[in-house]
Amino acid sequence: MALKITVIGTGYLGATHAAAMAELGFEVLGLDVVPEKIEMLTRGEVPMYEPGLEELLRKHVAGIEGSTGRLRFTMDWAEVAEFGDVHFVCVNTPQKHGEYACDMSYVDAAVESLAKHLGKPALVVGKSTVPVGSAERLAARILELAPAGGEVELAWNPEFLREGFAVQDTLHPDRIVVGVRSDRAEKTLREVYATPVGQGSPFVVTDFPTAELVKTAANSFLATKISFINAMAEVCEAAGGDVAKLAEAIGYDERIGPKFLRAGIGFGGGCLPKDIRAFMARAGELGADQALTFLREIDSINMRRRGQMVEMTREALGGGSFLGKRVAVLGATFKPDSDDVRDSPALNVAGQIHLQGGQVTVYDPKGMDNARRLFPTLGYAESAEAAVRGADVVLHLTEWREFRELDPAALGELAGTRLILDGRNALDPVLWRKAGWTYRAMGRPAA
Ligand code: UDX
(Lines give C-alpha, C1' and ligand atoms only; values in the text may rest on other atoms or scores of the structure.)
Protein backbone atom coordinates (compact mmCIF):
# COMPACT_ATOMS: atom_id res chain seq x y z
CA MET A 1 0.00 0.00 0.00
CA ALA A 2 1.22 3.49 -0.80
CA LEU A 3 2.63 5.45 2.11
CA LYS A 4 0.44 8.10 3.69
CA ILE A 5 2.17 11.33 4.48
CA THR A 6 1.56 14.15 6.92
CA VAL A 7 3.21 17.55 6.99
CA ILE A 8 3.35 19.46 10.26
CA GLY A 9 3.70 23.23 9.88
CA THR A 10 2.43 24.86 6.69
CA GLY A 11 4.75 27.84 6.18
CA TYR A 12 7.03 28.25 3.14
CA LEU A 13 8.60 24.88 3.71
CA GLY A 14 5.57 22.87 4.85
CA ALA A 15 2.98 24.17 2.39
CA THR A 16 5.36 23.54 -0.50
CA HIS A 17 6.37 20.12 0.77
CA ALA A 18 2.74 19.08 1.27
CA ALA A 19 1.75 20.12 -2.25
CA ALA A 20 4.85 18.46 -3.71
CA MET A 21 4.13 15.17 -1.91
CA ALA A 22 0.59 15.21 -3.33
CA GLU A 23 2.06 15.93 -6.77
CA LEU A 24 4.30 12.84 -6.35
CA GLY A 25 1.10 10.81 -5.90
CA PHE A 26 0.81 10.44 -2.11
CA GLU A 27 -2.23 11.02 0.09
CA VAL A 28 -1.23 13.98 2.26
CA LEU A 29 -2.62 15.53 5.44
CA GLY A 30 -1.19 18.89 6.52
CA LEU A 31 -1.43 20.28 10.05
CA ASP A 32 -0.94 23.76 11.43
CA VAL A 33 -1.80 25.31 14.78
CA VAL A 34 -2.91 28.61 13.18
CA PRO A 35 -6.61 28.32 12.20
CA GLU A 36 -6.44 31.12 9.57
CA LYS A 37 -3.69 29.27 7.70
CA ILE A 38 -5.67 26.04 7.64
CA GLU A 39 -8.78 27.86 6.43
CA MET A 40 -6.85 29.53 3.60
CA LEU A 41 -5.07 26.34 2.51
CA THR A 42 -8.35 24.42 2.56
CA ARG A 43 -9.72 27.00 0.11
CA GLY A 44 -6.61 26.43 -2.04
CA GLU A 45 -5.08 29.80 -1.15
CA VAL A 46 -1.43 30.24 -0.19
CA PRO A 47 -0.65 32.53 2.78
CA MET A 48 2.43 33.94 0.98
CA TYR A 49 3.64 34.73 -2.53
CA GLU A 50 5.55 31.84 -4.06
CA PRO A 51 5.49 31.32 -7.85
CA GLY A 52 3.60 28.18 -8.90
CA LEU A 53 2.61 27.13 -5.39
CA GLU A 54 -1.04 28.15 -5.52
CA GLU A 55 -1.53 26.29 -8.82
CA LEU A 56 0.06 23.15 -7.39
CA LEU A 57 -2.02 23.38 -4.25
CA ARG A 58 -5.28 23.87 -6.15
CA LYS A 59 -4.41 20.87 -8.28
CA HIS A 60 -4.53 18.63 -5.22
CA VAL A 61 -6.56 20.17 -2.36
CA ALA A 62 -9.68 18.09 -1.68
CA GLY A 63 -12.95 19.86 -2.44
CA ILE A 64 -11.56 22.08 -5.20
CA GLU A 65 -13.16 21.45 -8.56
CA GLY A 66 -11.02 19.24 -10.76
CA SER A 67 -8.45 18.50 -8.03
CA THR A 68 -7.00 15.06 -7.30
CA GLY A 69 -8.29 15.42 -3.72
CA ARG A 70 -5.04 13.95 -2.40
CA LEU A 71 -4.28 16.89 -0.09
CA ARG A 72 -6.24 17.85 3.04
CA PHE A 73 -5.57 20.02 6.09
CA THR A 74 -6.45 19.69 9.76
CA MET A 75 -5.64 21.02 13.23
CA ASP A 76 -6.21 17.67 14.92
CA TRP A 77 -3.06 15.86 16.15
CA ALA A 78 -4.88 12.57 16.77
CA GLU A 79 -6.12 12.58 13.17
CA VAL A 80 -2.60 13.20 11.88
CA ALA A 81 -1.12 10.41 14.03
CA GLU A 82 -3.82 7.99 12.92
CA PHE A 83 -3.47 8.91 9.23
CA GLY A 84 0.27 8.97 8.58
CA ASP A 85 3.02 6.45 7.95
CA VAL A 86 5.55 9.26 7.48
CA HIS A 87 5.29 12.56 9.37
CA PHE A 88 7.37 15.50 8.09
CA VAL A 89 8.09 18.18 10.69
CA CYS A 90 8.38 21.50 8.84
CA VAL A 91 7.91 24.15 11.55
CA ASN A 92 10.21 27.16 11.74
CA THR A 93 13.23 27.70 13.97
CA PRO A 94 13.65 31.48 14.31
CA GLN A 95 16.51 33.27 16.05
CA LYS A 96 15.93 33.58 19.81
CA HIS A 97 15.13 37.09 20.97
CA GLY A 98 18.29 38.75 22.20
CA GLU A 99 20.65 35.85 21.41
CA TYR A 100 22.26 34.11 18.46
CA ALA A 101 20.90 30.66 19.29
CA CYS A 102 17.92 29.23 17.46
CA ASP A 103 14.52 28.90 19.12
CA MET A 104 13.62 25.22 19.17
CA SER A 105 10.29 25.67 20.95
CA TYR A 106 8.15 25.12 17.83
CA VAL A 107 10.00 21.96 16.81
CA ASP A 108 9.91 20.60 20.36
CA ALA A 109 6.20 21.36 20.71
CA ALA A 110 5.38 19.79 17.32
CA VAL A 111 7.34 16.59 17.99
CA GLU A 112 5.86 16.23 21.48
CA SER A 113 2.26 16.89 20.40
CA LEU A 114 2.63 14.33 17.62
CA ALA A 115 4.54 11.68 19.59
CA LYS A 116 1.88 11.47 22.30
CA HIS A 117 -0.63 10.25 19.72
CA LEU A 118 1.58 7.80 17.84
CA GLY A 119 0.00 4.43 18.58
CA LYS A 120 1.17 2.67 15.41
CA PRO A 121 4.48 2.28 13.55
CA ALA A 122 5.61 5.50 11.89
CA LEU A 123 8.62 7.45 10.68
CA VAL A 124 8.92 11.02 11.95
CA VAL A 125 11.12 13.05 9.61
CA GLY A 126 12.58 16.36 10.71
CA LYS A 127 13.00 18.96 7.96
CA SER A 128 13.44 22.12 10.00
CA THR A 129 16.91 23.66 10.25
CA VAL A 130 18.10 22.79 13.76
CA PRO A 131 21.27 22.92 15.87
CA VAL A 132 23.34 19.76 15.50
CA GLY A 133 22.43 17.30 18.24
CA SER A 134 18.69 18.05 18.12
CA ALA A 135 17.78 14.86 16.24
CA GLU A 136 19.40 12.66 18.86
CA ARG A 137 17.56 14.50 21.64
CA LEU A 138 14.22 14.37 19.79
CA ALA A 139 14.60 10.65 19.02
CA ALA A 140 14.88 9.95 22.76
CA ARG A 141 11.86 12.17 23.45
CA ILE A 142 9.76 10.30 20.89
CA LEU A 143 10.72 6.96 22.40
CA GLU A 144 9.63 8.29 25.79
CA LEU A 145 6.29 9.69 24.65
CA ALA A 146 4.99 7.52 21.81
CA PRO A 147 2.53 4.81 22.85
CA ALA A 148 3.97 2.66 20.02
CA GLY A 149 7.46 3.05 21.56
CA GLY A 150 10.27 1.62 19.41
CA GLU A 151 7.90 1.19 16.46
CA VAL A 152 8.22 4.95 15.91
CA GLU A 153 11.51 6.13 14.46
CA LEU A 154 13.08 9.47 13.66
CA ALA A 155 15.04 10.54 10.58
CA TRP A 156 16.52 13.92 9.61
CA ASN A 157 16.03 15.20 6.08
CA PRO A 158 17.13 18.85 5.69
CA GLU A 159 15.45 21.03 3.12
CA PHE A 160 17.40 23.27 0.75
CA LEU A 161 14.59 25.08 -1.06
CA ARG A 162 15.07 28.69 -2.06
CA GLU A 163 12.19 31.12 -1.79
CA GLY A 164 11.01 32.08 -5.25
CA PHE A 165 11.99 28.60 -6.53
CA ALA A 166 10.38 26.56 -3.76
CA VAL A 167 8.17 24.40 -5.99
CA GLN A 168 10.94 23.55 -8.45
CA ASP A 169 13.47 22.94 -5.67
CA THR A 170 11.05 20.61 -3.87
CA LEU A 171 9.96 18.61 -6.91
CA HIS A 172 13.46 18.46 -8.43
CA PRO A 173 15.91 18.75 -5.54
CA ASP A 174 19.61 18.98 -6.45
CA ARG A 175 20.23 16.45 -3.67
CA ILE A 176 18.28 14.57 -1.01
CA VAL A 177 20.07 14.14 2.31
CA VAL A 178 18.74 11.70 4.90
CA GLY A 179 20.14 11.12 8.38
CA VAL A 180 18.93 7.72 9.51
CA ARG A 181 19.57 5.12 12.18
CA SER A 182 18.14 2.04 10.47
CA ASP A 183 17.78 0.40 7.07
CA ARG A 184 14.04 0.52 7.56
CA ALA A 185 14.08 4.34 7.83
CA GLU A 186 16.30 4.60 4.74
CA LYS A 187 14.01 2.27 2.81
CA THR A 188 10.93 4.32 3.70
CA LEU A 189 12.59 7.55 2.58
CA ARG A 190 13.78 5.96 -0.66
CA GLU A 191 10.13 5.09 -1.29
CA VAL A 192 8.99 8.66 -0.55
CA TYR A 193 11.60 10.14 -2.90
CA ALA A 194 11.54 7.42 -5.58
CA THR A 195 10.38 9.86 -8.28
CA PRO A 196 13.06 12.58 -7.90
CA VAL A 197 15.75 9.93 -7.30
CA GLY A 198 14.58 8.18 -10.48
CA GLN A 199 14.98 11.51 -12.29
CA GLY A 200 18.56 11.83 -11.11
CA SER A 201 18.55 13.60 -7.72
CA PRO A 202 21.47 12.20 -5.70
CA PHE A 203 20.40 10.47 -2.46
CA VAL A 204 22.94 10.93 0.33
CA VAL A 205 22.60 8.74 3.43
CA THR A 206 24.26 9.97 6.64
CA ASP A 207 24.05 9.78 10.41
CA PHE A 208 22.00 12.32 12.41
CA PRO A 209 24.68 14.94 13.14
CA THR A 210 25.98 14.99 9.57
CA ALA A 211 22.49 15.49 8.13
CA GLU A 212 21.88 18.39 10.50
CA LEU A 213 25.28 19.90 9.69
CA VAL A 214 24.88 19.62 5.89
CA LYS A 215 22.19 22.27 6.02
CA THR A 216 24.01 24.78 8.22
CA ALA A 217 27.29 24.16 6.35
CA ALA A 218 25.61 24.80 2.98
CA ASN A 219 24.05 28.05 4.19
CA SER A 220 27.33 29.15 5.78
CA PHE A 221 29.13 28.54 2.49
CA LEU A 222 26.55 30.56 0.54
CA ALA A 223 26.73 33.41 3.07
CA THR A 224 30.52 33.31 2.83
CA LYS A 225 30.43 33.52 -0.95
CA ILE A 226 28.22 36.61 -0.85
CA SER A 227 30.26 38.32 1.87
CA PHE A 228 33.46 37.46 0.02
CA ILE A 229 32.34 39.32 -3.09
CA ASN A 230 31.03 42.18 -0.96
CA ALA A 231 34.44 42.43 0.72
CA MET A 232 35.96 42.58 -2.78
CA ALA A 233 33.47 45.37 -3.56
CA GLU A 234 34.84 47.35 -0.62
CA VAL A 235 38.39 46.88 -1.93
CA CYS A 236 37.27 47.78 -5.47
CA GLU A 237 35.72 50.98 -4.14
CA ALA A 238 38.99 51.89 -2.42
CA ALA A 239 41.15 50.93 -5.41
CA GLY A 240 38.92 52.14 -8.24
CA GLY A 241 38.19 48.63 -9.53
CA ASP A 242 34.94 47.12 -10.87
CA VAL A 243 33.55 44.30 -8.74
CA ALA A 244 31.07 43.16 -11.41
CA LYS A 245 33.91 42.54 -13.88
CA LEU A 246 35.97 40.94 -11.13
CA ALA A 247 33.12 38.55 -10.26
CA GLU A 248 32.65 37.65 -13.93
CA ALA A 249 36.34 36.96 -14.37
CA ILE A 250 36.82 34.81 -11.25
CA GLY A 251 33.51 33.03 -11.94
CA TYR A 252 34.94 31.47 -15.12
CA ASP A 253 37.17 29.38 -12.87
CA GLU A 254 35.12 26.21 -12.52
CA ARG A 255 36.30 25.76 -8.97
CA ILE A 256 34.78 29.13 -8.06
CA GLY A 257 31.74 29.31 -10.36
CA PRO A 258 29.69 32.39 -11.30
CA LYS A 259 26.72 31.97 -8.94
CA PHE A 260 26.21 33.83 -5.67
CA LEU A 261 28.85 36.38 -6.59
CA ARG A 262 26.59 39.40 -7.03
CA ALA A 263 27.90 42.21 -4.88
CA GLY A 264 25.38 44.58 -3.36
CA ILE A 265 23.59 45.31 -0.11
CA GLY A 266 24.02 41.71 1.01
CA PHE A 267 21.96 38.78 2.15
CA GLY A 268 18.84 38.79 4.31
CA GLY A 269 15.71 36.72 4.69
CA GLY A 270 14.50 34.15 7.17
CA CYS A 271 17.41 31.72 6.68
CA LEU A 272 20.99 32.78 5.97
CA PRO A 273 21.41 35.44 8.71
CA LYS A 274 19.83 33.45 11.51
CA ASP A 275 21.32 30.14 10.40
CA ILE A 276 24.93 31.34 10.52
CA ARG A 277 24.31 32.89 13.95
CA ALA A 278 22.69 29.74 15.32
CA PHE A 279 25.60 27.73 13.90
CA MET A 280 28.12 29.92 15.75
CA ALA A 281 26.11 29.62 18.97
CA ARG A 282 25.91 25.85 18.69
CA ALA A 283 29.62 25.50 17.88
CA GLY A 284 30.29 27.51 21.04
CA GLU A 285 28.24 25.08 23.12
CA LEU A 286 30.22 22.21 21.62
CA GLY A 287 33.56 23.86 22.36
CA ALA A 288 34.28 24.30 18.64
CA ASP A 289 33.66 28.06 18.49
CA GLN A 290 37.11 28.78 17.05
CA ALA A 291 36.20 26.83 13.93
CA LEU A 292 33.42 29.30 13.15
CA THR A 293 34.82 32.66 14.24
CA PHE A 294 35.11 33.51 10.52
CA LEU A 295 31.30 33.55 10.35
CA ARG A 296 31.31 36.52 12.70
CA GLU A 297 33.27 38.39 10.01
CA ILE A 298 30.90 37.14 7.28
CA ASP A 299 27.99 38.51 9.31
CA SER A 300 29.62 41.87 9.93
CA ILE A 301 30.69 42.35 6.29
CA ASN A 302 27.07 41.66 5.39
CA MET A 303 25.54 44.02 7.94
CA ARG A 304 28.06 46.75 7.02
CA ARG A 305 26.70 46.79 3.45
CA ARG A 306 23.41 48.27 4.60
CA GLY A 307 25.12 51.19 6.33
CA GLN A 308 27.36 51.70 3.31
CA MET A 309 24.33 51.97 1.03
CA VAL A 310 22.95 54.70 3.30
CA GLU A 311 26.29 56.55 3.20
CA MET A 312 26.56 56.19 -0.57
CA THR A 313 23.08 57.75 -0.84
CA ARG A 314 24.03 60.59 1.49
CA GLU A 315 27.16 61.30 -0.52
CA ALA A 316 25.30 61.18 -3.85
CA LEU A 317 22.86 63.76 -2.45
CA GLY A 318 25.75 66.11 -1.69
CA GLY A 319 26.57 64.95 1.85
CA GLY A 320 25.04 66.09 5.12
CA SER A 321 21.50 65.56 6.23
CA PHE A 322 18.67 63.65 4.57
CA LEU A 323 16.18 66.23 5.84
CA GLY A 324 13.84 67.30 3.06
CA LYS A 325 15.35 64.84 0.56
CA ARG A 326 12.96 62.70 -1.45
CA VAL A 327 14.20 59.16 -1.79
CA ALA A 328 12.49 56.57 -4.01
CA VAL A 329 13.16 52.96 -3.01
CA LEU A 330 12.55 50.20 -5.56
CA GLY A 331 12.21 46.91 -3.70
CA ALA A 332 11.27 45.94 -0.15
CA THR A 333 11.59 42.15 -0.11
CA PHE A 334 14.87 40.39 0.75
CA LYS A 335 15.00 38.91 -2.76
CA PRO A 336 12.87 38.98 -5.92
CA ASP A 337 9.92 36.61 -6.57
CA SER A 338 9.00 36.56 -2.90
CA ASP A 339 6.84 38.69 -0.61
CA ASP A 340 9.15 37.99 2.32
CA VAL A 341 10.54 41.07 4.09
CA ARG A 342 12.15 39.26 7.03
CA ASP A 343 15.54 40.84 7.72
CA SER A 344 15.35 42.51 4.32
CA PRO A 345 18.41 44.63 3.47
CA ALA A 346 16.18 46.80 1.24
CA LEU A 347 13.74 47.68 3.99
CA ASN A 348 16.59 48.15 6.44
CA VAL A 349 18.22 50.77 4.17
CA ALA A 350 14.84 52.46 3.53
CA GLY A 351 14.20 52.52 7.28
CA GLN A 352 17.59 54.01 8.17
CA ILE A 353 17.20 56.87 5.68
CA HIS A 354 13.65 57.50 6.87
CA LEU A 355 14.77 57.59 10.51
CA GLN A 356 17.41 60.16 9.54
CA GLY A 357 14.78 62.50 8.14
CA GLY A 358 14.59 61.44 4.46
CA GLN A 359 11.19 61.34 2.79
CA VAL A 360 11.25 57.73 1.64
CA THR A 361 8.72 56.24 -0.77
CA VAL A 362 8.90 52.47 -1.29
CA TYR A 363 7.48 50.36 -4.09
CA ASP A 364 7.71 46.57 -4.34
CA PRO A 365 5.83 44.27 -6.76
CA LYS A 366 4.74 41.76 -4.07
CA GLY A 367 6.05 42.82 -0.69
CA MET A 368 3.95 45.94 0.00
CA ASP A 369 1.56 44.45 2.59
CA ASN A 370 4.31 42.77 4.59
CA ALA A 371 6.52 45.87 4.37
CA ARG A 372 3.69 48.13 5.58
CA ARG A 373 3.06 45.82 8.52
CA LEU A 374 6.73 45.79 9.52
CA PHE A 375 7.45 49.46 8.79
CA PRO A 376 4.17 51.40 8.80
CA THR A 377 5.81 54.83 9.01
CA LEU A 378 7.54 54.61 5.59
CA GLY A 379 5.84 56.10 2.55
CA TYR A 380 4.50 53.62 0.00
CA ALA A 381 3.55 54.04 -3.66
CA GLU A 382 1.47 51.82 -5.92
CA SER A 383 3.99 51.69 -8.76
CA ALA A 384 7.65 52.31 -9.53
CA GLU A 385 6.61 55.42 -11.48
CA ALA A 386 4.64 56.81 -8.54
CA ALA A 387 7.58 56.18 -6.18
CA VAL A 388 10.03 57.92 -8.51
CA ARG A 389 7.87 61.01 -9.19
CA GLY A 390 9.77 64.05 -7.92
CA ALA A 391 12.52 61.99 -6.25
CA ASP A 392 15.99 63.44 -5.63
CA VAL A 393 17.47 59.95 -5.83
CA VAL A 394 16.26 56.46 -6.79
CA LEU A 395 17.60 53.41 -4.90
CA HIS A 396 17.36 50.00 -6.57
CA LEU A 397 17.42 47.60 -3.62
CA THR A 398 15.72 44.33 -4.72
CA GLU A 399 16.49 42.91 -8.16
CA TRP A 400 12.96 42.30 -9.50
CA ARG A 401 12.69 41.73 -13.24
CA GLU A 402 10.08 44.51 -13.31
CA PHE A 403 12.81 47.01 -12.37
CA ARG A 404 15.20 45.77 -15.05
CA GLU A 405 12.41 46.29 -17.58
CA LEU A 406 11.71 49.89 -16.57
CA ASP A 407 12.22 52.47 -19.30
CA PRO A 408 14.94 54.82 -17.98
CA ALA A 409 13.95 57.59 -20.41
CA ALA A 410 10.29 57.59 -19.38
CA LEU A 411 11.22 57.35 -15.70
CA GLY A 412 13.64 60.24 -16.16
CA GLU A 413 10.70 62.48 -17.11
CA LEU A 414 9.16 61.80 -13.68
CA ALA A 415 12.22 61.97 -11.43
CA GLY A 416 13.24 65.24 -9.77
CA THR A 417 16.89 64.37 -10.44
CA ARG A 418 18.13 61.60 -12.73
CA LEU A 419 20.20 59.90 -10.07
CA ILE A 420 20.02 56.14 -9.51
CA LEU A 421 22.03 54.02 -7.07
CA ASP A 422 21.98 50.30 -7.82
CA GLY A 423 22.29 48.39 -4.55
CA ARG A 424 22.06 45.05 -6.37
CA ASN A 425 24.35 45.55 -9.37
CA ALA A 426 21.53 44.30 -11.53
CA LEU A 427 20.59 47.21 -13.82
CA ASP A 428 22.32 47.96 -17.11
CA PRO A 429 24.52 51.05 -16.52
CA VAL A 430 24.83 51.78 -20.25
CA LEU A 431 21.05 51.98 -20.70
CA TRP A 432 20.52 54.29 -17.73
CA ARG A 433 23.44 56.57 -18.55
CA LYS A 434 22.26 56.83 -22.16
CA ALA A 435 18.92 58.12 -20.85
CA GLY A 436 20.71 60.88 -18.97
CA TRP A 437 20.87 59.28 -15.55
CA THR A 438 23.80 59.38 -13.18
CA TYR A 439 24.15 55.66 -12.41
CA ARG A 440 26.21 54.45 -9.46
CA ALA A 441 26.59 50.98 -8.02
CA MET A 442 28.44 49.47 -5.09
CA GLY A 443 31.99 48.42 -5.85
CA ARG A 444 32.02 49.97 -9.33
CA PRO A 445 33.59 53.10 -10.78
CA ALA A 446 31.39 56.23 -10.92
CA ALA A 447 31.34 56.52 -14.72
C1 UDX B 1 18.65 30.21 1.33
C2 UDX B 1 19.42 29.05 0.68
O3 UDX B 1 19.83 29.41 -0.63
C4 UDX B 1 18.55 27.80 0.64
O5 UDX B 1 19.25 26.72 0.10
C6 UDX B 1 18.09 27.50 2.05
O7 UDX B 1 17.23 26.39 2.04
C8 UDX B 1 17.39 28.69 2.67
O9 UDX B 1 18.23 29.83 2.62
P10 UDX B 1 16.76 31.91 0.48
O11 UDX B 1 16.71 32.45 1.88
O12 UDX B 1 15.48 31.65 -0.24
O13 UDX B 1 17.55 30.51 0.47
O14 UDX B 1 17.60 32.95 -0.37
P15 UDX B 1 18.88 32.95 -1.31
O16 UDX B 1 18.48 32.78 -2.72
O17 UDX B 1 19.93 32.06 -0.77
O18 UDX B 1 19.35 34.46 -1.14
C19 UDX B 1 19.69 34.96 0.16
C20 UDX B 1 20.05 36.42 0.12
O21 UDX B 1 21.30 36.60 -0.52
C22 UDX B 1 19.09 37.34 -0.63
O23 UDX B 1 18.88 38.49 0.18
C24 UDX B 1 19.81 37.67 -1.92
O25 UDX B 1 19.43 38.91 -2.43
C26 UDX B 1 21.25 37.65 -1.46
N27 UDX B 1 22.23 37.38 -2.53
C28 UDX B 1 22.18 36.21 -3.22
C29 UDX B 1 23.21 38.31 -2.83
O30 UDX B 1 23.30 39.39 -2.19
N31 UDX B 1 24.12 38.04 -3.81
C32 UDX B 1 24.10 36.87 -4.51
O33 UDX B 1 24.96 36.70 -5.38
C34 UDX B 1 23.09 35.94 -4.21
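Distance check, please: which entries in Lys37/Lys259; Lys225/Lys325; Lys245/Lys366; Lys4/Lys259; Lys127/Lys335 exceed 29 angstrom between their Cα atoms? Exceeds cut-off: Lys37/Lys259; Lys225/Lys325; Lys245/Lys366; Lys4/Lys259.
Using the Cβ atoms and a cut-off under 15 Å, what net charge is assigned to the surroundings of Leu161, where Lys and Arg are +1 and Asp and Glu are -1? With Lys, Arg at +1 and Asp, Glu at -1, the net is -4.
Computed from label points 7 Å out along Cα-Cβ, the spacing between Lys116 and Arg372 is 4.0 nm.
Using θ = phi - 60° in the Karplus curve 6.51 cos²θ - 1.76 cosθ + 1.60, the 3J(HN,Hα) couplings for segment 257-262 round to x, x, 7, 6, 10, 8 Hz; x is entered for Gly and Pro. Taking amide H positions as modeled 1.01 Å from N, with prolines and chain starts lacking one, the residues under 5 Å from Phe73 and 5 or more places away or on another chain are Gly30. Residues whose amide H comes within less than 5 Å of that of Leu3, counting only those at least five positions distant or on another chain, are absent (H built at 1.01 Å from N in the peptide plane). Over the chain, DSSP H runs of length four or greater, each weighted -39,500 (n - 2.57), average out per residue to a 222 nm ellipticity of -13000 deg cm²/dmol.
The GluC sites (Glu not before Pro) of segment 73-172 that meet both conditions, a loop assignment by DSSP and at most 16 other Cβ atoms within 10 Å of the site Cβ, are Glu99.
For the chain, a crude dipole built from +1 on the beta carbon of Lys and Arg and -1 on the beta carbon of Asp and Glu, taken about the Cα centre, is about 920 debye to the nearest 20.
Write out the trypsin sites (Lys or Arg not before Pro) in segment 29-64 meeting two conditions: DSSP loop, and at most 15 other Cβ atoms within 10 Å of their Cβ.
When the trypsin sites (Lys or Arg not before Pro) of segment 29-64 are filtered for loop state and at most 15 Cβ neighbours within 10 Å, Arg43 remain.
Using a Gaussian network model of the chain in which every pair of alpha carbons under 10 angstrom is joined by a spring, one finds that among Ser220, Ser300, Ser128 the greatest mean-square fluctuation is at Ser300. The string of couplings for segment 205-210 from the Karplus curve (6.51, -1.76, 1.60, θ = phi - 60°) is 9, 9, 8, 4, x, 5 Hz, one whole number per residue in order, with x for Gly and Pro.
Relative contact order, whole percent, for segment 300-441 stands at 23, derived from Cα pairs under 8 Å and 6 or more residues apart. Of the accessible area of segment 300-441, computed with a 1.4 Å probe over protein heavy atoms only, carbon and sulfur atoms account for 49 percent. May I ask for the net charge around Gly257, where only other residues with Cβ less than 14 Å from the Cβ of Gly257 are counted and Lys, Arg are +1 while Asp, Glu are -1? With Lys, Arg at +1 and Asp, Glu at -1, the neighbours total 0. Give me the angle, in degrees from 0 to 90, between the Cα long axis of helix 105-115 and the longest principal axis of the Cα atoms of the chain, rounded to the nearest 10. Long axis of 105-115 versus the principal axis of the chain: about 20 degrees.
The values are calculated or read from the model by the stated rules, or taken from the named source; none is laboratory data. Just so it is clear, the model here is predicted, and its values are computed rather than measured. Quick reminder, even Gly has a Cβ in these numbers, built from the backbone with ideal geometry, and neighbours come from all protein chains shown. In case anyone asks, the SASA skips ligands and DNA or RNA and just uses the protein heavy atoms, side chains included. Shrake-Rupley method; radii C 1.70, N 1.55, O 1.52, S 1.80 Å.
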